[in-house]
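So the structure is just underneath, and the comments pick up after that.
The values are calculated or read from the model by the stated rules, or taken from the named source; none is laboratory data. Computed from a predicted structure; not experimentally measured. Positions of Cβ are generated from backbone atoms using ideal geometry, with glycine treated the same way; all protein chains shown enter the neighbour counts.
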């Protein structure tokens, strides 16, 4: 992501839904940053994160049995609300303008799109992230048959492992 404010918004939303880890890739900015801190409101200190190679992380999560999903408007993408993810899941978001490179999309088992009913065919990446992460939280709660938020930091979590990771991949050379 080129916008540090969007990165901060992902930290804040990730904290709100109990995301297990954020992986920042490519030229995506990382803490410490005044812009990230402004929108994260401290979540950049509470949400585990690391810099990672997108290809390696997708492969590692797939090999560990995680569902991997590219959030992208591409042919064959399943509607977010029809998607039945297998938890745990890694969701991959791309550049605000360019989206995900085709080679990243191809590495993911699933391609997911957010339904767009208006004249615009995309959302701000941080907004899209909020929509996707909260829908995953809703689905995880339904799958677990519980009505309380699953918090990855709790040793008493009903899920035996973290259930959502997110990675942000940017295309080199598109920094604004």
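One table, with the values for the structure above:
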read-out	value
Residue check, residue 90 part of a strand (DSSP E or B), touching a strand residue (DSSP E or B) at 6+ places or on another chain (Cβ under 8 Å) and within 20 Å of residue 24 (Cβ to Cβ)	yes
Segment 60-69, residues that are in a strand (DSSP E or B) and out of contact with any helix residue (DSSP H, G or I) (no Cβ under 7 Å at 6 or more places or on another chain)	67, 69
Any chance residue 132 is surrounded by 14 or more Cβ atoms within 10 Å (Cβ to Cβ), at pLDDT 75 or above and out of contact with any helix residue (DSSP H, G or I) (no Cβ under 7 Å at 6 or more places or on another chain)	yes
Criterion: surrounded by 15 or more Cβ atoms within 10 Å (Cβ to Cβ), at pLDDT 95 or above and under 23 Å from residue 7 (Cα atoms) - qualifying residue of 105, 112	112
All positions within segment 70-80 that are part of a loop (DSSP other than H, G, I, E, B), within 14 Å of residue 114 (Cβ to Cβ) and either at pLDDT below 90 or out of contact with any helix residue (DSSP H, G or I) (no Cβ under 7 Å at 6 or more places or on another chain) (or both)	73, 77
Filter result for residue 83 (buried (at least 19 other Cβ atoms within 10 Å of the Cβ), within 16 Å of the chain's Cα centre (by Cα), modelled with pLDDT under 90 and over 18 Å from residue 3 (Cα atoms))	no
Failed item in (1) under 24 Å from residue 62 (Cβ atoms); (2) surrounded by 12 or more Cβ atoms within 10 Å (Cβ to Cβ); (3) at pLDDT 90 or above, with residue 144 passing the rest	(3)
Inter-residue pairs, beta-carbon under 7 Å, first farther than 19 Å from residue 71 by Cβ and in segment 124-149, second at pLDDT below 90 and part of a helix (DSSP H, G or I), 6+ apart	147/141
